[in-house]
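Student: Following this message is one structure expressed as structure tokens.
No value in this document is a laboratory result; all are computed from the given coordinates. Remember, predicted model here, so these are calculated numbers, not experimental data. Neighbour counts run over all protein chains shown; Cβ positions are idealised from the backbone, glycine included.
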Amino acid sequence: MTDVLELINKVRGAGVILRAEPPDLIIRPADRVSRDLKARLRENKAEVLRRLELEASMKRLEAAGINIAIWETGEMRIVITQNETLTAIAEGGTIYSPEDMYACVTLTERERRMLHEFKRRFGGTTEWKQWSSRIHGTRIFDQHSANSWAEAICKKKGILKS
């Protein structure tokens, strides 16, 4: 996870609504955000705005039921209906939800290839969870562990070469 995403999550963790209205960054209620976090938001304003705009785009695409089909050739097609989705899959396309596309922005090139191979081979949907070192006092996978786990599965299934 990038520093900017961690920053956004910290601010939201304080019970604050954070919204992009370029060129402004809207924080409500602003008094719940510490001076330190406000300073970090100012320092990273352009990237925070970009991430929030991507997130808003993802939500609009989800609300409209829009997905993207991508072929190995790089061709892309917007698919909305179930029939369009099934046709794209039958033609060799891999379906990406808006959430998949948003998450891809945060992945490394290697992780994007792994995701694409998983989706291409197994189809279905991807459930994205935010990784944290602690949730409700219980230790869970951190991002490194999650990546190592995914790599091990890819290697075992022959998706990724050692």
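Student: Can you list residues from other chains, or at least 5 along the same chain, whose modelled amide H is less than 5 Å from the amide H of THR94?
Tutor: ILE70, TRP71
Student: Could you work out the equivalent-ellipsoid semi-axes for segment 31-98, taking the square root of 5 times each eigenvalue of the Cα gyration tensor, largest first, in whole Å?
Tutor: The answer is 37, 13, 7 Å, longest axis first.
Student: Give, as a single signed number, the net charge of other residues whose beta carbon lies under 13 Å from the beta carbon of LEU37, with Lys and Arg counted +1 and Asp and Glu -1.
Tutor: Result for the neighbourhood of LEU37: +3.
Student: Related question: Per-residue HN-Hα couplings for segment 64-73, Karplus 6.51 cos²θ - 1.76 cosθ + 1.60 at θ = phi - 60°, whole Hz, x for Gly and Pro?
Tutor: These are the phi-based 3J(HN,Hα) values: 8, x, 9, 10, 10, 9, 10, 9, 4, 6 Hz.
Student: Another one. Return the distance in nm (one decimal) between the two label points of a simple spin-label model at LEU54 and ILE17, each offset 7 Å from Cα along Cα→Cβ.
Tutor: 2.4
Student: About the Cα centre, and with charges only on the beta carbon of Lys, Arg (+1) and Asp, Glu (-1), how big is the dipole of segment 3-62? Nearest 20 debye, please.
Tutor: Magnitude of the dipole: close to 160 debye.
Student: Convert each backbone phi in segment 90-100 into a coupling constant with the Karplus relation 6.51 cos²θ - 1.76 cosθ + 1.60 (shift: θ = phi - 60°), then list the ³J(HN,Hα) values in order as whole Hz, x for Gly and Pro.
Tutor: 4, 8, x, x, 10, 8, 10, 7, x, 5, 4
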